[in-house]
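The values are calculated or read from the model by the stated rules, or taken from the named source; none is laboratory data. Being a predicted model, the structure only gives us computed values, none of them experimental. Here the Cβ positions follow ideal geometry from the backbone for every residue, glycine too, while neighbour counts run over all protein chains shown. Protein only, heavy atoms only, side chains kept; ligands, DNA and RNA dropped before computing areas. Shrake-Rupley method; radii C 1.70, N 1.55, O 1.52, S 1.80 Å.
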Amino acid sequence: LRFIYTFAVGTIGGKNWTVISTAILAIPAIGIGFAVQNPDTPFSVMLILAALCGLGGGNFSSSSANISFFFPKKEKGT
């Protein structure tokens, strides 16, 4: 997903993509909220929700690449 997220920033726009990708993170958050309240939740559902939590990694990497343009060049790497 990091590959897809990287090109989405340029296609959709940085601010718009940040809003969309953050909203996507609500899917695993809400899903886990419901899943952990039910002791009969199958293990496969928990695995799918755990995999969806990986969306946060792609979100972080794409937003970091987007934000780096606004950081002063002399401060990068410190």
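Odds and ends about this structure:
- Residue in the range 25-36 that is touching a Cys at 6+ places or on another chain (Cβ under 7 Å), surrounded by 15 or more Cβ atoms within 10 Å (Cβ to Cβ) and either under 19 Å from TYR5 (Cα atoms) or at pLDDT 70 or above (or both) present: yes
- Tabulated pairs, the range 4-18, first farther than 14 Å from ASN59 by Cβ and of a type in the set (Ser, Thr, Tyr), second open to solvent by less than 70 Å² (accessible area, probe 1.4 Å) and part of a helix (DSSP H, G or I), C-beta under 9 angstrom, 6+ apart or interchain: THR11/TRP17
- The set of residues from the range 37-64 being open to solvent by less than 50 Å² (accessible area, probe 1.4 Å) and either modelled with pLDDT of 90 or more or of a type in the set (A, V, I, L, M, F, W, C) (or both) comprises THR41, LEU49, LEU55.
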